[in-house]
């Protein structure tokens, strides 16, 4: 008899799990359950539709319905998973028509994702606070801009907050970003690297307020202002970009344990502590490959990698996830910023004794027109001389440098080895001495 | 007493050696001898001045005379090294005024570079065949274009030939490239990857004749046509892009042994077989890090890396060169092509049993406007599953992928490890699944 695989959630990690399961098990009955109407789209693409770079939200749909048909995946949209019965191995679902139904599983994958959250701020129940998590969210923001909004306040200077901020400026709005911490992109960059990005954003007209906690969301029913300290800020739009939290209610209610990050606890095979139940993506935690601490990075790349592992395993394989380096990158106007491994802040928190190498250079030969600035920062563990982290901020060619340094970290490359690396050169694309190599030399000078 | 360091040659490797020596030895007398008038310029930049992208040849000068003063380097231009007396440890030079002089050395670095050569072709002594190796060569080509040249024949479809071909087309010339082998860029790419580049060049108007040996250079005194088979080709310019050969005459005359590649034989410390004599750059051979065979890659990056090692060693250090992966990259109109490690052809020649993974993808999210095609080809050793080579051809972001794969090869990453790598993603810069990772998976499917 074919095995029954049920996947709750049908975005990045859920669909990847379904696809990987199908590759391993040609006969399994694979069912995807999602409360969403639209599935298989790229959340990361939402800011670029709002900016107008991508003409329509529907273009973000990476997996059309034909994909599900081709792989014989039973996709049930607008369907809510209410309860998982881990003893009976059933999921109770509510159909679009409102009736309940029990479906049985041999293997279950929880891919319920994460939702935007607002910290415990006075007035956070007020209506009209906008998110950017789904196509519906994006359509709402777009409609408000079209209705004539002229200004926006974004609460939080993380990736989503800033990418959306850029999009809104490109649409002609005045944008103010309010961040509790003393720097932007606190998850991604150290303060010295973040400053470069901030400077660029401010030049492009973004107003950035650091060290400012949103203390109150004001208004009658609808938000009309926020207060931080003594100051009130009004705007036509208020965006919640504080961050997202793993959707764990279904797991908790069903007796599936969470980890210390508050996300669903899983092992390297993506198994929860309950037999035959797996969890992947933004709702699940993972292990940081450098600190070996549990982490919930909530990145699309991690979601698809986890989905693939879980899918292969429920399909009959036995494969392991090797942990994350939290490699991430963004482009904000004309500047790109990325990181992999640990930064100085995380190193200090985890008692890593590190040596830092920072080098400023250009993205093309110095004499080549349109060469742009680039800065590479390496974080190297002092005793082992191993590279444990890297950040790159520059005008172009940042992403693949992050990937290169991710490979280096994965393979435990030392600063000494990187200083002798064999790199490619051509005047229109890089300098003779690669910036990453120069940064390694800077580290070596401090190690001697 | 300060030691006397003499360096013959003052371009990439020679200046790098002088700079590295100065870092290690603050008191040494460091003398650079060069027959050239202009020193310290980027040869790799020459095509981009001819194309007009860079306004003037003098902008290619990376090391101005102030640099030599700052580092207290005694630079002697238009000075010819005639004889090295390895017993007396002297170099006989001919000064710009024509008189001879003996200078003594404690340590000698030979950085005499390489010169363009023409194979044994009937008529190769004819005047008017142009090279592109020096600023003077570049100025000559530029003058002929300004005088009204409308067409050019380029003999050889290597990096220099094609980069110059692109520049000439950009200046409005009709360009025909004649190549003896059945593909372009034979040193860099396998035929399947080279085809992509060729197709792009032909779309841009370059005429490329493969499998065509230049059998005769015709003309009275000056070249007026070339003959290949039964066909004669005339043009306003004839460019020698057959390749370059190490300048070894001085070494040979002085009793310094060559290696099997015909370049000066050196060890990992850059020492020739003669005590206290080092050789670096295009005149010296090195070891391929994968095949362990001697090779003379004649790349700027290798030249500077060797120069730095030799300089550090003559300055008192003891550091080793780790061999080359021959990482190289070029941009030709809108296409970038690069390689690192060994390709399929080299693998076959060296009896490597390899598995190939090729993936076509895009340089941005599929839905993101202006996403360009990219192809990654991995060469993986079958038994060890180690990546031993890679080629990338695409519209952008090729260079740092080559660097990433160079790091992977250096650290003996297996295809299995690459398939699980942690990569960065953002829609404007890449796809969710990195093309390099997908190519590794393609390899794994064949290994199973």
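The values are calculated or read from the model by the stated rules, or taken from the named source; none is laboratory data. In this text the structure is predicted, and so the values were computed from the model without any measurement. Using ideal geometry, Cβ is built from the backbone for each residue, glycine included, and neighbour counts are taken over all protein chains shown.
Can you tell me which residues in the stretch B:381-409 are out of contact with any strand residue (DSSP E or B) (no Cβ under 9 Å at 6 or more places or on another chain) and surrounded by fewer than 24 Cβ atoms within 10 Å (Cβ to Cβ)? B:383, the sole residue that qualifies. Taking the condition assigned to a helix (DSSP H, G or I), in contact with a strand residue (DSSP E or B) (Cβ under 9 Å, 6 or more places away or on another chain) and either within 23 Å of residue A:208 (Cβ to Cβ) or touching a residue at least 12 places away in the same chain (Cβ under 8 Å) (or both), does residue A:67 pass? Answer is yes for this residue.
The number of residues in the stretch A:302-330 being at the interface with another protein chain (Cβ under 7 Å from one of its Cβ atoms) and in contact with a strand residue (DSSP E or B) (Cβ under 8 Å, 6 or more places away or on another chain) comes to 6. The number of residues in the stretch A:390-416 being in contact with a helix residue (DSSP H, G or I) (Cβ under 7 Å, 6 or more places away or on another chain) and more than 7 Å from chain B (Cβ to nearest Cβ) comes to 7. For the stretch A:257-286, give me each residue that is surrounded by fewer than 19 Cβ atoms within 10 Å (Cβ to Cβ) and part of a strand (DSSP E or B). The one that is surrounded by fewer than 19 Cβ atoms within 10 Å (Cβ to Cβ) and part of a strand (DSSP E or B): A:271.
Scanning the stretch A:50-63 for residues that are under 16 Å from residue A:333 (Cα atoms) and at the interface with another protein chain (Cβ under 9 Å from one of its Cβ atoms) turns up A:53, A:54.
When residue A:239 is tested against the conditions (1) surrounded by fewer than 24 Cβ atoms within 10 Å (Cβ to Cβ); (2) modelled with pLDDT of 95 or more; (3) not in a helix (DSSP H, G or I), the lone failure is (1). Every condition in (1) touching a residue at least 12 places away in the same chain (Cβ under 8 Å); (2) out of contact with any helix residue (DSSP H, G or I) (no Cβ under 7 Å at 6 or more places or on another chain); (3) under 19 Å from residue A:109 (Cα atoms) is met by residue A:240 except one, and the failing one is (3). Kindly establish whether residue A:157 is at pLDDT 95 or above, under 22 Å from the mean Cα position of the chain (by Cα) and under 19 Å from residue A:216 (Cα atoms). Here the answer is yes, as residue A:157 does meet what is asked. For the stretch A:368-380, taking the residues that are buried (at least 21 other Cβ atoms within 10 Å of the Cβ) and within 14 Å of chain B (Cβ to nearest Cβ), the one that is nearest to residue A:290 (Cα to Cα) is identified as A:378. Scanning the stretch A:7-35 for residues that are touching a strand residue (DSSP E or B) at 6+ places or on another chain (Cβ under 7 Å), surrounded by fewer than 24 Cβ atoms within 10 Å (Cβ to Cβ) and assigned to a helix (DSSP H, G or I) gives a single hit, A:22. Residues of the stretch A:338-367 that are under 25 Å from residue A:303 (Cα atoms), more than 10 Å from chain B (Cβ to nearest Cβ) and crowded, with 17+ Cβ neighbours inside 10 Å: A:342, A:343, A:346, A:347.
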